[in-house]
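The values are calculated or read from the model by the stated rules, or taken from the named source; none is laboratory data. Only a predicted model underlies this, so the values are computations on that prediction, with no experimental measurement involved. Counting neighbours? That spans all protein chains shown, and the Cβs are built from the backbone with ideal geometry, glycine included.
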Amino acid sequence: MASFAVEDFVGNGCLQGLVSKLLEEGWDDVPTLKIMNADDMNALNMTQRQKDALEIRSYLHDHALMQYADKLEESGNSLTELLNLSTVDLTSKFGMKRGHVARFTDRTAAFGGDSFSEAYNRQVRRRTSSSSESLYYRKDISPVTSRKQSMMKSLTRTNTDISLEQSMADLAIKDGHVFKGIVAFKPDEPRACGCVQPTPVVENVAPYSSIENISVQILAPEYKIGMERLVKTKTAPMKASKLWRDKPAVFVCIRRPGCIMCRAEAHQLYAKKPIFDALGVQLFAVLHEQIESEVMDFWPRYWGGVVLFDRSMGFYKALGGGNLLKDKFISGFLLNPRAISNYRRAKAMGVDQNFRGEGETKGGLFIVGKGKSGIAYQFIERNFGDWAPLSEIFEICRRLQNPQESQLDSITSIQQQD
């Protein structure tokens with residue numbers, strides 16, 4: 001699986017000598033580095049070989065094929081030339097497995113991605129600047145800031161083509177939260193001929209008071225080039241509400257950091273970091289166990305953002321309406337076709353796994369508005385390995401930027417129903 005450590009991304013090739021310059025110019029994490037365009041490369045005086053290497057590695061990272069990055073870069077070919085090679089050449093010259101060849105030559109979308117987000121990624125990761133970009137690309141702002149502006153405009157255009165469930169757009173004026181979020185993936189059903197009943201799941205978004213005073217501890221910071229792989233000095237516990245005091249935040253509650261499905265979910269979410277940056281939204285991963293070796297395996301390979309330790313399991317209890325949502329391995333996985341399907345999806349992405357830690361407590365995802373505006377969205381892992389749809393997450397984050405627009409949409413929807 002593609003790592004979010006910049007050192008792993010650039011490898012030992014021609015990009016390695018650029019690391020210090022990339023750090024100086026603000027290209028200090030993998031998701032941001034991958035959206036670099038032709039103007040950005042020219043500003044760094046990159047050679048054609050370095051440009052080709054970055055394009056190859058970005059493509060391989062999207063397709064979970066980074067194990068071939070060094071060999072493909074050493075060939076001296078551009079990405080276009082490599083994509084035009086035959087299956088025999090890719091197998092014989094680079095040792096690429098036939099299944100990986102099929103993945104490599106599939107240019108339609110990144111492997112394991114979301115249709116909306118990948119279409120968006122293809123739009124913003126152009127290697128040449130469009131005429132529309134040149135209208136607002138100014139020399140008096142940093143390249144990274146310019147890319148965020150470009151992504152914000154592109155995201156706004158793309159969102160107009162996305163249709164989402166109406167319940168997500170409805171405003172909850174009461175209960176202290178902004179939106180009525182979709183709280184679970186699909187309704188669970190009895191399994192094993194009715195012998196296994198579904199786990200009870202609350203249908204309402206948790207009240208803000210259930211997460212406001214949760215005590216959390218930072219286990220790992222947001223990853224940047226040259227940073228130590230783990231915080232050496234443990235930080236003091238802090239009140240969770242401090243984290244969203246100034247900016248909205250997404251909290252993905254991980255069931256177990258060694259779980260193959262949890263790692264795949266975290267990876268595909270953090271891969272969209274530039275979009276969240278453009279929307280002004282922070283990203284946090286929440287763990288309910290503190291196993292140092294597991295944190296080091298999880299960060300920054302599968303998650304390059306801040307990792308929090310929720311000792312009291314407050315976020316997890318809030319997902320269950322005050323109680324932890326749990327399921328046994330046999331009933332929740334072996335006898336659950338949806339969980340097995342989720343496992344196969346993660347397995348196909350090339351994710352490693354282990355079985356250390358407690359994996360029965362289900363996780364989920366929260367989007368919390370700035371200040372005391374409340375919980376905007378909540379997703380519950382009803383079946384092991386359920387993911388919150390990225391299109392819904394992006395839409396909610398966009399609406400948090402303009403709550404008046406969201407309220408207008410809700411009023412319009414009510415009037416149409418009447």
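Annotation note: Cβ proximity below 6 Å between a residue of the range 33-61 that is surrounded by 22 or more Cβ atoms within 10 Å (Cβ to Cβ) and a residue that is polar (S, T, N, Q) and assigned to a loop (DSSP other than H, G, I, E, B) (sequence gap 6+ or interchain) occurs for Asp52/Ser78. Exactly one residue out of Glu381, Glu292, Glu360 is over 24 Å from Pro237 (Cβ atoms), among the acidic types (Asp, Glu) and surrounded by fewer than 23 Cβ atoms within 10 Å (Cβ to Cβ): that is Glu360. Residues that are under 16 Å from Gly359 (Cα atoms) number at least 2 in the following helices (runs of 4 or more DSSP H) confined to the range 271-329: 292-298, 314-319.
In the range 334-352, the residues that are within 10 Å of Phe384 (Cβ to Cβ) form Cβ pairs under 9 Å with partners that are of a type in the set (Gly, Ala, Ser) and modelled with pLDDT of 90 or more, at six or more places apart or across chains, as follows: Arg338/Gly385; Ala339/Gly385; Ile340/Gly385; Asn342/Ala264; Asn342/Gly385; Tyr343/Gly385. Residues in the range 240-264 that are under 18 Å from Arg345 (Cβ atoms) and either touching a strand residue (DSSP E or B) at 6+ places or on another chain (Cβ under 7 Å) or of a type in the set (Gly, Ala, Ser) (or both): Val252, Ile254, Arg255, Gly258, Ala264.
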